[in-house]
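Structure record follows, encoded as structure tokens.
The values are calculated or read from the model by the stated rules, or taken from the named source; none is laboratory data. Quick caveat, the model's predicted, so the values are computed rather than measured. FYI the Cβ positions are ideal-geometry reconstructions off the backbone, even for glycines, and counts take in every protein chain you see.
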């Protein structure tokens, strides 16, 4: 249960929010002009990285507003929240943040809870 | 051979009576079940999980693997740890996992058969034949292996409580209290959580500490507790166990509100504390571990520190002449305490070399003439359901001693469960032979023995240094000890057995009955990764999570693999720290509070008129109305359906979702959200419309009323309303923020009645004499607003039954009056109320679909032949592009058709398959060609035969073809003809006249 800072209401418990998947996937302006493959990519394909992820959240049991967040899926730390109409923060902003908990490698999983 | 009583300030003189397996025993207020049983010389308290071996009380706390009991007087609460549950007068307890009795347990045959129950036994044995697992093996295993029985007829009143604090201190022992002392009267909001009902921890469990700052330990605890209690910024929670340490310093703790008291069923017996904190201080100490030797599970084997705790904390000396077996320096205090009480241990067995053993130990043993074995170990012990003889190995010689108790100490593990739950990193410490916290992941501080610091003298500096991040004064602790400050230990995990018989067992996990031999076997079979090995052998997977044994198993495994323990690593400790009741997790969210029930304004009338209800989302909807006591559902639905097509019926449609869409760009928005084209639609008309997902599949349907280009009202399915509103909101906020549109849920602002049937117009004219209901003035799919008495109503001409129909919208306050008015007017036209089942039957006769019945998330409007609903000239709408994807425009997609049985007496069942075979083969060897499924099946009283709607591959081109439908319990299939799905009034004459 993590804390999430709604850009409109402030810090609230995770249970008040719903996750909306990858952010910055823009609905094509002219769907008819897209090839089947390109349209299929828009509808069905999303990224799922271990590490820094730009994603959407909605404050379902609150102001009902959608917003974007930058979360490290490995540490579950929310590094930044910003409104839908705000600029996507640059990846370099998060260079110095923790890569993973307990010294886990940034790719793959496994039991690395012991310091050698 | 018997326990003696010792004065103890934590136990009152007040006697209470408890029953254990039907027998009554005397205990004292303040006792736990375990201390009460030991006081009465009860050693055998349960049977083990797999082999049904006799088991006793092994520990004196939360780490207990064996002494699990069922509390009959508390709604049958199972798997209660006897070592922490406190007694009260009249408490009724039974042992678990035995039949017919604890002493003579039939399941103990598993122990004799044990050579075949080795690691991975279940995986290897119960493989086949097919069906045996479900019908034979699983029920058998569930009956013979297991724990207590579930509680019965119990409605918990447990509650949840939320906290936001600056600091949480877990554990109010010496370190926890000293840390809390630093925060007295500071600006920090502090929560001090103690699992026991008394503060003090190690100070009240042993006499290792002589004085603190010149005070006796008890004086120091009282003084400190009073200071903390009077400090407004610190809250103490006793009888509270922290079970979970989540991300962003979120803790969950369980408080037992009735510890040592009989539960009052009208009050909350458990409180689940949900705590959000800025900093967490873990000071919940250490857990003693055991040593594996032959029959190390016999009742009478107990951890040395637990034995010591029973003396100090509960005033019980379980045995006057125990044998003490240790590999470290911690048992000196136990030895001293026993001597001071006039008891004389039978023997003192120390695995360490004589030179490394404390001189004080050697002096006492010599002075009191106690048998002393150094550089020696316990080979094993024997006895019938209890320890009787103990075999000691010293070098090559064996000595047999008679004693009924064996106190074991294999060293101490810092209690790192919560620290690892918080994702902190641990590290192997060679001095204490255990893992200790290293790098925290969150704002977590560990203190005292939790951090691996076993030195009382260093505690003060540790606290001042680690808590220097807080703006507090330094704390001073001047500690004088009864024992040496230095901790010394010699590595020992398992002692050597004399013989290698299959029946001789040395256990590594007492809870799940895992032996050291199982570990060896699993490694031989290739399970050399600790996480795999754990799952294969079920080692440390019991409800105790191997608190006294998991490090031992890692050490034994690392030796077998010839690796360092730090290379083998630990398994993951997962929340909860100790089992917690589901009742506590559920809190007040049970029964009707779990999910709210929504009722319409007509609900009371439905009840009076014998409605049987159906749950639709959260709504209670009338399913059908019973005309008489004995009328079955089938009879009622057939009656309602026939009556409606002959006369008229009325349905409470108030549950239908209603969303108001308003704003400058409402028209553009609606054109994007729905498949239909709304631009040319005239104001005050309505239209059946569909909403798709971006993948082109149908999500919801409903009637859209257009009041103007800037104002629409959309109805949705009863259960789909919240999702439709949320989807609309999402698109408005994220994709089309430039559109000026406002959405409002108005579902509960209106009571809605659907009245339909050939006599409807006459009834409506009676109810609303001033309104012109003629076809010209009020055509199909139009609506109008009227004044009605002191309110306003909206009437729309629409129908879901295929008959002439109207929908009336009225504020719920006036709903019931109007409903009753309609009935009094409709009486002479034989107006009936009908429920959702009749609605479904009637719409199936008309070939109308139901979302979630004909559709399942893989159906497009084209599949339903609803091409007319698609606004092809619109540039865009949600899902439009997907309708021309190659897969979505395949000719052989499942498409909607009607089914009519060739033999009119046959019944078409919902969910059956459509095949080409008239009979199924007796033995099915090759897959049978499957054409589709029956999505709706009803007996139509108006056609007098069974009808079906079906989704069939390429169905559009199969009209008039014959196929077969499978039937429940029969190999002979039903011959059917593919027909137009509209069975009644295909020309829509009834709707539009």
**Prompt:** Is it the case that some residue within region B:445-455 is within 14 Å of chain A (Cβ to nearest Cβ) and in contact with a helix residue (DSSP H, G or I) (Cβ under 7 Å, 6 or more places away or on another chain)?
**Reply:** no
**Residue within region A:9-32 that is at pLDDT 95 or above, part of a loop (DSSP other than H, G, I, E, B) and more than 12 Å from chain B (Cβ to nearest Cβ) present** = yes
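Search region B:233-251 for residues being assigned to a loop (DSSP other than H, G, I, E, B) and within 14 Å of chain A (Cβ to nearest Cβ), and hand back the single one that is nearest to residue B:472 (Cα to Cα).
Going through the qualifying residues, I end up with B:249.
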**Prompt:** Residues B:498, B:473: which one is in contact with a strand residue (DSSP E or B) (Cβ under 7 Å, 6 or more places away or on another chain) and either without any contact (Cβ under 8 Å) to a residue 40 or more places away in the chain or part of a loop (DSSP other than H, G, I, E, B) (or both)?
**Reply:** B:498
**Prompt:** Does residue B:766 qualify as being in contact with a helix residue (DSSP H, G or I) (Cβ under 7 Å, 6 or more places away or on another chain) and not in a loop (DSSP other than H, G, I, E, B)?
**Reply:** yes
**Complete:** Counted residues in region B:24-60 being part of a loop (DSSP other than H, G, I, E, B) and either touching a helix residue (DSSP H, G or I) at 6+ places or on another chain (Cβ under 7 Å) or closer than 27 Å to residue B:109 by Cα (or both) come to 17
**Message:** Anything in region B:957-969 that is buried (at least 16 other Cβ atoms within 10 Å of the Cβ) and either closer than 13 Å to residue B:932 by Cβ or not assigned by TED's automatic domain parsing to the domain that holds residue B:903 (or both)? List them, or say none.
**Reply:** B:958, B:963, B:964, B:965, B:966
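Taking residue B:519 as the residue in question, decide whether it is under 20 Å from residue B:292 (Cβ atoms), more than 14 Å from chain A (Cβ to nearest Cβ) and not in a loop (DSSP other than H, G, I, E, B).
So residue B:519 passes the test.
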**Asked** Tally time: how many residues in region B:585-608 are closer than 20 Å to residue B:817 by Cβ and in contact with a strand residue (DSSP E or B) (Cβ under 6 Å, 6 or more places away or on another chain)?
**Response** 5
**Request:** Provide a single number: the residues in region B:541-575 that are under 25 Å from residue B:424 (Cα atoms), more than 14 Å from chain A (Cβ to nearest Cβ) and in a loop (DSSP other than H, G, I, E, B).
**Result:** 9
**Fill in**
Pairs returned, first residue in region B:908-926 that is at pLDDT below 95, second residue that is surrounded by 15 or more Cβ atoms within 10 Å (Cβ to Cβ), beta-carbon separation under 6 angstrom, 6 or more apart or interchain, are B:918/B:964; B:918/B:973
**Asked** What about residue B:362, is it within 14 Å of another protein chain (Cβ to nearest Cβ), over 30 Å from residue B:105 (Cβ atoms) and either in contact with a strand residue (DSSP E or B) (Cβ under 8 Å, 6 or more places away or on another chain) or in a strand (DSSP E or B) (or both)?
**Response** no
**Message:** Condition check: over 18 Å from residue A:101 (Cα atoms), more than 8 Å from chain B (Cβ to nearest Cβ) and either out of contact with any helix residue (DSSP H, G or I) (no Cβ under 8 Å at 6 or more places or on another chain) or modelled with pLDDT of 95 or more (or both). Does residue A:65 satisfy that?
**Reply:** no
**Hits in region B:858-884 (condition: within 13 Å of another protein chain (Cβ to nearest Cβ), at pLDDT 95 or above, in a loop (DSSP other than H, G, I, E, B) and out of contact with any helix residue (DSSP H, G or I) (no Cβ under 7 Å at 6 or more places or on another chain))** = B:879
**Message:** Exactly one condition in (1) in contact (Cβ under 8 Å) with a residue 60 or more places away in the chain; (2) within 14 Å of chain A (Cβ to nearest Cβ) is false for residue B:407; which is it?
**Reply:** (2)
**Request:** State which residue is nearest to residue B:248 (Cα to Cα) when the search covers only region A:33-52 and only residues that are in a helix (DSSP H, G or I) and more than 9 Å from chain B (Cβ to nearest Cβ).
**Result:** A:41
